[in-house]
Structures are given as structure tokens and as C-alpha cells.
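Here's the structure, in C-alpha cells; my notes come after.
The values are calculated or read from the model by the stated rules, or taken from the named source; none is laboratory data. All values derive from a computational prediction rather than experimental measurement. Don't worry about glycine lacking a Cβ; one is built from the backbone with ideal geometry, like all the others, and counts go over all protein chains shown. For accessibility, only protein heavy atoms count, side chains too; no ligands or nucleic acids. Shrake-Rupley method; radii C 1.70, N 1.55, O 1.52, S 1.80 Å.
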Amino acid sequence: MKIRAFLATSTLLCAAGKASAQTIDYGSIEMLFGEPVTTSATGSAKRLSEAPATMEIITADEIRSSGETDLPGILSRVSGISTQRFSRNSADVAVRGYNRSFTPRLLVLVNGRQVYLDTYGYTQWDLIPVQLQEIRQIEIVKGPNTALFGFNAVGGVVNIITFDPTYDELGTASLRVDQEGGFQGSLVKSLKLGERLSARGSIGGYQLDDFDNPVFATDPVIADADPERFAASADIRYRLADKTILGFEATRSEVTTYERTAIPTVDQAADYETSSYRATFDSEGAWGLFSFSAYQNRSERTFRSPLGNSPALAAELMVVKAQNVFKPLPAHTLRVAAEYRDSSLELEGDIPSPTISLTAFDLSYDVVSGAAMWNWQASSRVSTTLAARLDRLEWTTEDVTEPSYNAAVVVQATDTTMMRFQASRGLQIPSLFDIQFANSLEPAIVDNYAVDLDHRIDAMGGGIKASVFYQQNEDLRQVVVNPVLFTIASTQVADSDLFGIELAADGRAGPVRWDASYTYLSVEDDPTPVAQLTPIGDFNFEGLTPEHEAKAQATYEADRLELGGAVRYVSEREFLDPFNIAGGGLSELDSYIALDLRAAYDVTERVALAFEGQDLTNDGDTQVPGGTIETRAWVSLTVNF
């Protein structure tokens, strides 16, 4: 055991300079430690239990055994994460409350590249050009982490890490068919083209029938918008020297969906197209590990209009970032970084509406950022992390400069108990859509304080976790629809406080592994005078956030057979509905229980057959007004090669 611990520690110290999510051999380090490893928070390799932020990691094996078909389904099983599904491929995901349509509080990354859309500051999950089979792990970071990850990381961060072709061999093909005749397929393959060159490519998509919904039958535009997806990506890596890697990535994705927008009660059938190009350079030397990346994201969202007009929101984001991670002393790790962002949005054509007229526009803003982080291993049992970031936003008529920070102390109280104390300040920058209707760059400010306890219990093959947190949100922004004057505005509507508790446990009993969690959230709003004067009264973030969520899942493995199930309970809540004036601008949604089941059998070492059922107990339930959930059953075939 001592030799194993020494080897693991040595390996981790060797990897401590690694800053990029894909410049370390995750597999080797994880085998030594017996737990997932992350580089996201500090830029250096850390065991999950030692990370300076409240973090959970979903592994590739957990993704596979879940039987889920998309990212929101996978994330819905994690404590503290709330999901709400509107149609077959339209869902919103939030960390620790405040979920709503086109929620802007979650920063979503793929290997560190932003994939949330600057148009509304939200994520169209099926538009992310990643196949589930190529994901090594999904890192969920809870609470404001702007200084560590970048602005808009106010509710949390989801960082998707894919397999690295430099270290990982991967070849898999899958096909799913559901009870309505819809199908979903994917192909992922990595190649080593000599000693220095490696590559990974993926392609996948689906054609599905949407949920049964009365709106679909009465609106021919929506009825013709059955869910479709195509996504492809290529990742090439070339080793220039032993410790210098050059990378290039290109992606493309297309999605047709029916969704509820950031404008309450406005539901639209939409076609999305995105593309991205990224270049990276990582080099380790006496100076530490220097990393440089530059990428460009393009997205286009086309509205399907019954009047035959199809205006498009065309957005473009360019990001250039450089950072260096180095160790001036053995116990000290420093990271310095600089970043430049240019984000633009153009509406091509006018949107005709019987109530609201939206004319063509073209706008953009720039952000220049500087950040620094200091991690100090004060002793074998105590480490501290302090990160600070300064963002300067520049728009045509306004400049805004705002600081953010993250501070954490991690204490290994005993050999089996870890405690984490955190304080942080995050920034939620207005989306491009907000800027168009608010004429302001003023961000929302989120202050957060949290205490975590992780206790390992060897006898149960797992452990228990507890988190207590308090959050202050200042100047929360909301798109406001005035149903009397038929106007749209984006305005700061409320301050809001959040108190929460998360409890979780996991373990293994013979061939069964399991986990369970409970989340309690209490939100108290203080609406602005402007919000109180609107026809729909105050903006009820309290009602949007379910007070109770409980989740549990288990998997049984024996020889070639695998059986699994997951259940989650979500308490009642309210949803913003400006046209329901009699109800105070809110619609009430009932509590629900959702059950998923899966049975899989390995026909051979390389071929697996599975039967999967999702939302088996909440068929017809409503998670968002205007949309209903439908039970889904799948048969899937997976071939590894």
C-alpha cells in the first residue's frame, strides 16, 4: 500500500504542471489513485477529493451503464442538478437552483472550449458536437467559479472531457431504435499515425418523433419540426517534442428542435447550425507548462415562421487565451492567464409577430481578462487555493470592469475525512440578446459561501458527502414581456438569496454499486420596484426552484449481464407565464417521480445488446408549461473495435 501511494503521489507531482484538460494521461493516474483526477480547477492534476471546489465527476463507465441517450439525461442523476425537459431534444439544466428556459447561469465547456451560446447565454445540449461514447468524464463544478473557469460560471460549470488520441485507443459504433421508430447512431474512432501523430474522429445523429403534444397537432410549423441531429468532430494531435504538443480541432453540428425561448410563453420550432475551429499549443519546460489556445465558434439559429419568413440569429465568438502553470517552490503552484474574447450577434431579417415586432440588428462586445491562481500545499493535510480574475467588457456605449475571486481551504481531517471551506464571487454577464433589449453591460453579481464534508467508509465500498452553502445574487436579469403594451425588455428584476444542503452516499455491495442523494434549496427573492410594477407582479425565482430533490441509482453486474435503474423525485414548483395574469404570471407544476431502467447483455467481448426505458412513471407529466413528457423505450446495439 505504501509503495502504491508513493507511486501515485510521484505520478501526480510529475503531472502537476499540466494545465490543459488533454495533456495528461488520465487513465494511468486514475489506475494508481483508484479515483477520478481533474486538472480543470487549478490547471494541475488533482484527485477529485482534493479539488478546491465542490465537484463531481461522471465517468465513461457510468455514462455507458446509465443507458441515457443525451447529456441532460446523464446530468439529471447528479445531486444539486435540476433538469426540465420541454420536448424530445430541448432541455434546460441548472446547478443549485434558478433553472428556467434558456437558463444563462451555467458555463458549459468541451475540453475547455465554450459551447454555451452567447446569443441568450444558454446551452442547446444536443447541439454540442460530442458523441456520448467519446466522453472520458464529465466534470460538474458547483457554485460560482468565475475566477477559475471564466465569467458566467455563476451557478456552476459542466466541463466535458473527451478521450485523448495521444493516450487512449478507442473504436466504437452504436445504434438505438425506439418504440416510435426513431433511431440514433454514432461512430467514434481514434488512430495513431506513427509515433508523433494521433487523431480521433466522431460522427453521429438521430431522427426521432417528438412527444405527443396538442400544440404539435394545431401548428403545422411545429408539427413539421421533428427532432433531428447531425454532429461530427475531428481532433488531431502532433507531438513536436517529448513535452510539446500541437493540436487542431474542427466540429460541426445541426439540430432541429421545438423549444421554449428566453421570452416566456414564446415557443418556437428552430433549426440550428454550428461550427468551430480550434488550435492549441502545450509545451512543458523549466518555465512550467505554457498553454495557448485560439478558437472560433459560429452558430446560426433560424426561426420557423408560419408567415414564411425565416430570420436567423447568427452569432460568432472568437477566443484567444494564454496561460502558464509553474511551481516556484515544491509546495506552491501558480497559474497566470490572459484572455481576449470577441462576441457578436446579427439578426438577419425582421421577425413578424401579431404582438411584438423585432427588427434586424447587429451588435458585438469585447472582453479582455487577466487571471492568477495560487495553490499552496501548506502541509500533508492542508492546502489552500486563491484565484482572482479581472474582466473588462467593452461595448459601443459602455465599458464595465468587474473582479471575481475563488478561495478555498481543503483539510484532510483524518485519513478518511476531507473538509473543504469555500468563498467565491462570480459574474453573470448579460447575453447578446439581453444587451440588445437592455442597452447595458451591467452583470449580475453572485457571492457564495460553502462548507463540504467528504467521508470515506471502506466497509461500504464508498462514502458519504455533505455540503452546506449560502448564496447572494445581486441584480438578476430577466427578459420581460408586457402583455398589455406588447413590448420586450431585458431588465434587472430582483436580488435573491439561496440556502442549500446536499447529502449524498455511494457504495458497493458485491456485484451491486449504488448511490443516492438529497438536495434542499430555499430561495428568497427581493424584487426591484420595476419588477413589482409589471402586470405579472414580482419575478418568482423562489417558485422556479424546487425545494426538494431526491435521487438514487443502482447497477448490478454479473458475468455478461448488467441490470440498472435510476429514480428521481422533484417537488412542486412554479414557472414564469406572463400571459397567465390571473395567476400572478405563474403556472404551477406538480411534483413528479421519474424511473429509468436498463438491462444489457454482452453477446461477445465486443458486442453488447441493451434494452432501456426512460421516464417510465411520469408519462404525460409537465416539466415546462406547454410541453409534456413521454415514456421512451429503446433497443441498442454497441460494437467495440
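Quick test of your reading of the structure: Arg100 fulfils all but one of (1) open to solvent by 10 Å² or more (accessible area, probe 1.4 Å); (2) touching a strand residue (DSSP E or B) at 6+ places or on another chain (Cβ under 6 Å); (3) in contact (Cβ under 8 Å) with a residue 60 or more places away in the chain. Name the failing condition by number.
Looking at each condition in turn, Arg100 falls short on (2).
Which condition breaks for Tyr569 when tested against (1) assigned to a loop (DSSP other than H, G, I, E, B); (2) at pLDDT 80 or above; (3) aromatic (Phe, Trp, Tyr)?
(1)
Across region 611-641, what is the number of residues that are crowded, with 19+ Cβ neighbours inside 10 Å and among the aromatic types (Phe, Trp, Tyr)?
Final tally of qualifying residues: 1.
Return yes when Arg606 is among the charged types (D, E, K, R) and open to solvent by less than 60 Å² (accessible area, probe 1.4 Å) and no when it is not.
Against the criterion (among the charged types (D, E, K, R) and open to solvent by less than 60 Å² (accessible area, probe 1.4 Å)), Arg606 does not qualify.
Residues to consider are Leu595, Leu503, Leu563; find the one that is at pLDDT 85 or above, touching a Phe, Trp or Tyr at 6+ places or on another chain (Cβ under 6 Å) and closer than 22 Å to Asn618 by Cα.
Within the list Leu595, Leu503, Leu563, the selection yields Leu563.
Quick check on my filter: what residues within region 590-630 are within 23 Å of Asp267 (Cβ to Cβ) and acidic (Asp, Glu)?
Passing the criteria: Asp590, Asp615, Asp619, Asp621, Glu630.
I want to confirm something. Restricting to region 198-216 and keeping residues that are within 19 Å of Ile236 (Cβ to Cβ) and of a type in the set (A, V, I, L, M, F, W, C), which single residue is least open to solvent (accessible area, probe 1.4 Å)?
Ala199
For region 509-521, state whether one or more residues are in a loop (DSSP other than H, G, I, E, B) and at pLDDT below 85.
no
Scan region 14-33 for residues that are assigned to a loop (DSSP other than H, G, I, E, B), at pLDDT 50 or above and either open to solvent by less than 20 Å² (accessible area, probe 1.4 Å) or touching a helix residue (DSSP H, G or I) at 6+ places or on another chain (Cβ under 6 Å) (or both) and report the count.
2
Just name the residue that is modelled with the lowest pLDDT out of those in region 171-197 that are open to solvent by 30 Å² or more (accessible area, probe 1.4 Å) and within 22 Å of Asn111 (Cβ to Cβ).
Selected residue: Leu193.
Restricting to region 394-415, what's the tally of residues that are touching an Asp or Glu at 6+ places or on another chain (Cβ under 8 Å), open to solvent by less than 40 Å² (accessible area, probe 1.4 Å) and at pLDDT 90 or above?
Number of matching residues: 3.
Within 24 Å of the chain's Cα centre (by Cα), modelled with pLDDT of 90 or more and in a strand (DSSP E or B): does that describe Ala610?
no
Please verify whether region 107-116 includes one or more residues that are in contact with a Pro (Cβ under 7 Å, 6 or more places away or on another chain), part of a loop (DSSP other than H, G, I, E, B) and aromatic (Phe, Trp, Tyr).
There is no residue in region 107-116 that is in contact with a Pro (Cβ under 7 Å, 6 or more places away or on another chain), part of a loop (DSSP other than H, G, I, E, B) and aromatic (Phe, Trp, Tyr).
Just to verify a result, which residue in region 426-457, among those that are surrounded by fewer than 17 Cβ atoms within 10 Å (Cβ to Cβ) and among the hydrophobic types (A, V, I, L, M, F, W, C), is farthest from Thr146 (Cα to Cα)?
Out of the qualifying residues, it is Ile457.
Quick one: in region 458-469, of everything that is of a type outside the set (Gly, Ala, Ser) and either open to solvent by less than 50 Å² (accessible area, probe 1.4 Å) or in contact with an Asp or Glu (Cβ under 6 Å, 6 or more places away or on another chain) (or both), which residue is farthest from Gln422 (Cα to Cα)?
The selected residue is Met460.
What's the number of the condition Thr42 fails, among (1) assigned to a strand (DSSP E or B); (2) surrounded by 24 or more Cβ atoms within 10 Å (Cβ to Cβ)?
For Thr42, the failing item is (1).
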